[in-house]
Each structure stands twice: as C-alpha cells, then as structure tokens.
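Novice: My questions will all concern the structure given below.
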Ligand code: HOZ
C-alpha cells in the first residue's frame, strides 16, 4: 500500500506539531511507521491522502455510530451554517438537545453542554465536590476520563499506551485527592471508603472500560458501586463518553439498569462535532452557576453547529428501529469471527466485547482490569496492526484502544476483516 504522501505530511507535521499529531492516540509510536493522513470519509470507509481506502474501526473514537458523513447529519449542519456558526447566546437547539438527552437517559434531569468529554468530566467533578462539600474522588486504574489534571492518575488510553499513566506536569496538589481503585473489584472501592468514610465526593467510572482495550463490568460490579456510594454519601458518576447512545439510547446506565447521579458525554452527542455535556439529578445540577455557586462557563458551549449535528444523529438513533440490534450483531460477528480464527490457529488470546465495541488482546489469560490488560504482548499487537492496516482494516494504533463498529458497516466488511486476521495468523 502506497503511503508516500502520508509520510511526507508526517515529516512536515513533526516539525510543527508535538509528535506530528494533535492527540497522542493518533500517533503510531507503539505500532511503528507513520500515521496515515486522512482526507475524507463516507459510511464505514475512510480514505487517506495517498488514495488508500480502509474499513474504519475507529469512527472518530466512537461518535460515528451511523457511519461517516450521514447525509441527514450533513444536511442539518449545512442548513445551520447558513444561519450562523456561533452566537454565544441561548438557542432553541440547546433546549432541544437537553430535552432529547433527558428523555433518553434515566438519571438525566438537567444537562449542561460543554465542548469535550474532558471538559464534561472536569465540570462534573467540580459539581460533585460543590454539592457534597467533599474533596476526594475515586477513579479506576486504566479508566480514562480525558486529560484534566485530577484524572491523569493511573489513566488509560494514550497515557497507558505511552507508559506514563501518571502524567508529568500535574502538580501533586491536583492529584492528591484522586484515589485509585481496581476496575471490577468492588472490594478495592470499599477499602478506600473505609479509609476515607466522610471525604469522598464521588466515584467516577467508565461503566464499560473502553480505554484499556475493552473491559466489560463484571456481574454486579456497577450495582455494588451504587450501593457503596449510597452507603457513604458519595455520588456515582458514569463517564458515558464512549458508551452513551452507543450501547443503548440510555447508554450503560440503561443497559445495566444502574442509575448514576451524574453522567458525562463527549463527541457522540455531537455526531462527531466537538462537544460534551454533563448532567444528572436536578438537585445536584442546581449547584451549577448561574443557579448555584459552582462556576463553569464557555462561549462555544451548546454551539449551534454541534447541536444541529448531534440532535440529528440522536433523533435517528431514537426513532429508527434496529440500529442497536444491528451494530450489536455486527460486533458479535466480529468477535466470533476472530475467536474462530484463533481457535483454528490454536491460540487462546482474549477477545473482549459488548455490543459494537470489541478488543482482541494478545494475552493468553482473561482481561478484566488494568493489570491483566497490561500483560498483553504489545509487540504482537503492533505486528497485527500493521498487517491489518496494509490489508485495509483501520484500527486504533494501540493494544489499549477499542474496535468501534457503526451501522454503516456490513457483514461483508466484518468478514473481510476477519479474513485479513486469518491471513495474519498464517491460515
Ligand atoms: N478516548 C479516546 C481514545 N481512547 C480519546 C481520543 C483522543 O484522546 O484523541
């Protein structure tokens, strides 16, 4: 596969962008080679500057549930562009978006729009602290909640890939109140609560951990977090940046039947446009300014372009029957396909997944938390990644990123990718 133009662009990029990219997860540092520069996308495919076509399994890290450039979403954005790009003032679209989320998500009574998942989490933590009058936060090793200072402690995603789960540049004071527990191990949370019974403001969790590969919650884990938060007077926050509107319309909260107090969203609710939101119980959200004393603001928050794209995607997800069934069945086809390839090859690597999210770990044991995810053979993943890329299946360039499937993918796409994997394993 030719990559001369991408390589030339990367040469230019490294001179003016740190690492040649604007987000570390785009770099190919852990898999070798240089990133492909993408020029356009449609449906389940992306095309690079050299004209190569790939089946896309990143989907802009989640939001492209309908596939790229869905015509209805594009049309809504075009129409809004004619009316205005940003007003910094209240719009009808913000109200419609908030109503749509509140109707769809069990715990959501009030929503505040922001511009990214990072901002949503940062603001939700502030609201939780302001509401409870407590400082400490419990997060889980390997869960990634964006790059706000208190969350860069034992974090997943790019920080896990590049081996710096506790980022430099985070003052000790900012991370002192972040306590870390073990994902899928409620007793580790109980221990922290018993050590700090009156000072934990909240437990924040990715209900499905999708930034250390893909680790679903063990039976009862989320329910137990709910019980512990209730017992100790702390709030439960579900970071649904990846699972919201993807696992089901009501996200993981609906899927697992556990009601968090607050929930955070990112790119998905913007249909790919830069956006985020946090929301939840009315009494908690009432601490947010101008209603309450927790300050949080933003000129571009609720931006009309992002709202129009997001509302269109969410309405389609809400009204068009069969999307969740379809992406789930494609996800299962992918996982079953990879499992049968591994079986034929006599290998026992872990294949995790739920719905349209999956991960093949080059790991002979089960993967259920950060420690077990870290035991994966990242060199083997790198070789697999390079083979798949050259064969035309575009996946996240790290063992610790999930495979995302959209409603635009077809069974033929999945079978082709499984066939590419078969070739990789020498079958
Ligand atoms: N959660 C995304 C990847 N795991 C974030 C994408 C990014 O950091 O650019």
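Novice: Would you mention how many residues in region 10-40 are without any contact (Cβ under 8 Å) to a residue 40 or more places away in the chain, more than 14 Å from the ligand (Cβ to nearest atom) and surrounded by fewer than 20 Cβ atoms within 10 Å (Cβ to Cβ)?
Specialist: Number of matching residues: 10.
Novice: Could you check region 362-427 for helices (runs of 4 or more DSSP H) lying wholly inside it with 2 or more residues that are touching a helix residue (DSSP H, G or I) at 6+ places or on another chain (Cβ under 6 Å)? So that I can check it myself, show each step before the final result.
Specialist: On the way: elements: 370-374, 378-391, 411-424.
Here the list reads 378-391, 411-424.
Novice: Could I ask something else about it? Condition first: outside any helix (DSSP H, G or I) and surrounded by fewer than 13 Cβ atoms within 10 Å (Cβ to Cβ). Now tell me which residues in region 87-127 satisfy that.
Specialist: 87, 88, 89, 90
Matching residues to (1) farther than 19 Å from residue 215 by Cβ; (2) in contact with a strand residue (DSSP E or B) (Cβ under 7 Å, 6 or more places away or on another chain); (3) within 16 Å of the ligand (Cβ to nearest atom):
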position	(1), (2), (3)
324	yes, yes, no
333	yes, no, no
359	no, yes, yes
379	yes, no, no
410	yes, no, no
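Novice: How many of the residues in region 168-189 are farther than 26 Å from residue 217 by Cβ and either surrounded by 16 or more Cβ atoms within 10 Å (Cβ to Cβ) or under 19 Å from the mean Cα position of the chain (by Cα) (or both)?
Specialist: Residues that pass the stated criteria total 1.
Novice: So for region 156-177 (the condition being at pLDDT 95 or above, part of a strand (DSSP E or B) and away from the ligand (no atom under 16 Å from the Cβ)), does at least one residue qualify?
Specialist: Initial filter on region 156-177 (at pLDDT 95 or above): 177.
From what is left, the residues that are part of a strand (DSSP E or B) are none.
Within region 156-177 (the criterion being at pLDDT 95 or above, part of a strand (DSSP E or B) and away from the ligand (no atom under 16 Å from the Cβ)), the answer is no, since none of the residues qualifies.
Novice: Condition test on residue 324, is it assigned to a helix (DSSP H, G or I) and either free of Cβ contacts under 8 Å to residues at least 40 places away in the same chain or closer than 23 Å to residue 256 by Cβ (or both)?
Specialist: On the way: assigned to a helix (DSSP H, G or I): yes; either free of Cβ contacts under 8 Å to residues at least 40 places away in the same chain or closer than 23 Å to residue 256 by Cβ (or both): yes.
It is true that residue 324 is assigned to a helix (DSSP H, G or I) and either free of Cβ contacts under 8 Å to residues at least 40 places away in the same chain or closer than 23 Å to residue 256 by Cβ (or both).
Novice: Can you confirm whether residue 205 is crowded, with 18+ Cβ neighbours inside 10 Å, under 19 Å from residue 373 (Cβ atoms) and within 16 Å of the ligand (Cβ to nearest atom)?
Specialist: yes
Novice: Quick one: how many residues across region 56-82 are surrounded by 12 or more Cβ atoms within 10 Å (Cβ to Cβ) and more than 16 Å from the ligand (Cβ to nearest atom)?
Specialist: Of the residues in that region, 13 qualify.
Matching residues to (1) in contact (Cβ under 8 Å) with a residue 60 or more places away in the chain; (2) surrounded by 23 or more Cβ atoms within 10 Å (Cβ to Cβ):
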{"residue": "361", "(1), (2)": "yes, yes"}
{"residue": "366", "(1), (2)": "no, no"}
{"residue": "375", "(1), (2)": "no, no"}
{"residue": "379", "(1), (2)": "no, no"}
{"residue": "382", "(1), (2)": "yes, no"}
{"residue": "401", "(1), (2)": "yes, yes"}
{"residue": "410", "(1), (2)": "yes, no"}
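Novice: Would it be correct to say that residue 140 is surrounded by fewer than 16 Cβ atoms within 10 Å (Cβ to Cβ) and more than 29 Å from residue 43 (Cβ to Cβ)?
Specialist: Details: surrounded by fewer than 16 Cβ atoms within 10 Å (Cβ to Cβ): no; more than 29 Å from residue 43 (Cβ to Cβ): yes.
So residue 140 fails the test.
Novice: Please give the number of the condition residue 195 fails out of (1) within 22 Å of residue 133 (Cβ to Cβ); (2) surrounded by fewer than 24 Cβ atoms within 10 Å (Cβ to Cβ); (3) in contact with a strand residue (DSSP E or B) (Cβ under 6 Å, 6 or more places away or on another chain).
Specialist: Every listed condition holds for residue 195 apart from (3).
The values are calculated or read from the model by the stated rules, or taken from the named source; none is laboratory data. It should be emphasised that the depicted structure is a prediction, and the values quoted were computed from it without experimental measurement. All Cβ positions, even for glycine, are placed from backbone atoms using ideal geometry, and neighbour counts span all protein chains on display.
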